[in-house]
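The values are calculated or read from the model by the stated rules, or taken from the named source; none is laboratory data. For clarity, every value in this text was computed on a predicted model and none was experimentally measured. Cβ sites come from the backbone with ideal geometry, for glycine too, and all protein chains shown count toward neighbours. To get the accessible areas, we keep the full protein, side chains included, count just its heavy atoms, and leave off ligands, DNA and RNA. Shrake-Rupley method; radii C 1.70, N 1.55, O 1.52, S 1.80 Å.
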Amino acid sequence: DAKNINYLVKIGDSYYAYKYTYANHEFNSDSTVSGIKTYQTAGSSTTVFIENDDFTADDLSTLLLFSCNNGVCTVGEGYVMVGSSITKCDSTDCNQADANIIDGTCGGVGDVGKVTNNESTGIKLCAPNAGGNAYESIDITDGKSYLLNVLNAAYKKYTTKGTKIILVEATKIGSYLIKENREIVAASFDKIVICSDVGTCTPTDWAGAQAGYYANNEDVSKLISCDGSTNCSLITPPGIGYFKNANGSAYAVCTSTSKCVSYTKDANACGSGAADGAIDSSGALCLDGAIKGTFTTNKYLVNFGESSAFPQTTGKNDGDYILVDATDNSIVVNSDDKTAVCAGTDDLTYTKDKDSNCDNGETEFNSCSNAICTKGNDIKG
């Protein structure tokens, strides 16, 4: 046919988007493909799929639901509606029966996350009502995401495409902002939901959330900042490094001022397996071997390792240390323009800018550029 065609090609364990352009008969990779997509197997192939967003009941046995990001896709699970019938999509096809597809309306907490039809006009999703004290069937609309506690046991994320497709995903470690006890939003939210593990999440009124910072699972370019008493807000990351909330139950790592993700502390201690530049099992920053820095107002020199937040600033040479600023809830790369500094030899705590010489018990760090300094001599009396 004289038309452009969108494809997926399975290479290894991943699926990559391609586009055939009829005008010039070219077949090229397509990094613009993102969001929820439906593709159908191309004939008898098991590695080539053709986009089909106008599928019928006859297509369901060869149709798959995908979640795509910048041209790379993964097979997803969820639900599609054709006519008045809803079927489940899994890793096999979109023609599966499922106990969570029900008739009628939602009956209570045990129905949360189940789906029912809306007189053939679209899927209804069972969810808590806005007050959180009852349950209802809600009409889905395009581009919405919901965070639901399924069977009061595990949270899942439900994302819609149009009125007849829902993608169901496991939650990620990190945090979500919701309103009305269900909808994930970027504004006018009234709760922060903190997920400590896949499916294990705790919703908290934003006014009562622990002070500090949280990874924002919906937008890695923003951190969630809570003041611990009256408000949470979305902010641009104030630096490259580590962020946490007051009680250390949530950590984030920012490798740039536009990319922050949830961070899990190393299971080991500094000097006993945790890498330099990582946060160890006690919540301390590993400065060099067993030497630790803490989340308190201070400055440190860090012999940063490859697994830390800090190598993103520049390449690292032997003897390079990075100067960081610590507060109660953050440890970030120092932004001052320093040329040489002194630090305690035993604790690597910054003591002063180096003018002529460092004092006894200090180590000199020279040739500083973008907060990275080269370790010099230990000064001994």
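The table that follows gives values for the structure above.
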read-out: Single condition Ser196 does not satisfy, out of (1) on the phi < 0 side of the Ramachandran plot; (2) in contact with a Cys (Cβ under 9 Å, 6 or more places away or on another chain); (3) touching a residue at least 24 places away in the same chain (Cβ under 8 Å); (4) not basic (Lys, Arg); value: (2)
read-out: Selection within the stretch 69-86 - open to solvent by less than 50 Å² (accessible area, probe 1.4 Å) and more than 23 Å from Val48 (Cβ to Cβ); value: Tyr79, Met81, Val82, Gly83, Ile86
read-out: Qualifying residue in the stretch 94-109 (condition: part of a strand (DSSP E or B), open to solvent by less than 50 Å² (accessible area, probe 1.4 Å) and farther than 23 Å from Leu147 by Cα); value: no
read-out: Residues (in a strand (DSSP E or B) and modelled with pLDDT under 95) located in the stretch 334-352; value: none
read-out: Entirely in the stretch 123-167, the strands (runs of 3 or more DSSP E) that have 1 or more residues that are open to solvent by 60 Å² or more (accessible area, probe 1.4 Å); value: 135-139, 154-161
read-out: Failed condition for Trp206, given (1) under 24 Å from Ala246 (Cβ atoms); (2) at pLDDT 95 or above; value: (2)
read-out: Some residue of the stretch 277-291 being in contact with a helix residue (DSSP H, G or I) (Cβ under 7 Å, 6 or more places away or on another chain), in a strand (DSSP E or B) and closer than 19 Å to Ser335 by Cα; value: no
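Here is a yes/no grid of residues against (1) open to solvent by 10 Å² or more (accessible area, probe 1.4 Å); (2) charged (D, E, K, R); (3) within 21 Å of Cys226 (Cβ to Cβ):
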site: Asn247; (1), (2), (3): yes, no, yes
site: Thr255; (1), (2), (3): yes, no, no
site: Lys265; (1), (2), (3): yes, yes, yes
site: Ala269; (1), (2), (3): yes, no, no
site: Ala275; (1), (2), (3): yes, no, no
site: Ala278; (1), (2), (3): no, no, no
site: Ser281; (1), (2), (3): yes, no, no
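Every residue, every condition in (1) of a type in the set (S, T, N, Q); (2) over 20 Å from Leu167 (Cβ atoms), yes or no:
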{"site": "Tyr18", "(1), (2)": "no, yes"}
{"site": "Ala23", "(1), (2)": "no, yes"}
{"site": "Glu26", "(1), (2)": "no, yes"}
{"site": "Ser31", "(1), (2)": "yes, yes"}
{"site": "Gln40", "(1), (2)": "yes, no"}
{"site": "Val48", "(1), (2)": "no, yes"}
{"site": "Glu51", "(1), (2)": "no, no"}
{"site": "Asn69", "(1), (2)": "yes, no"}
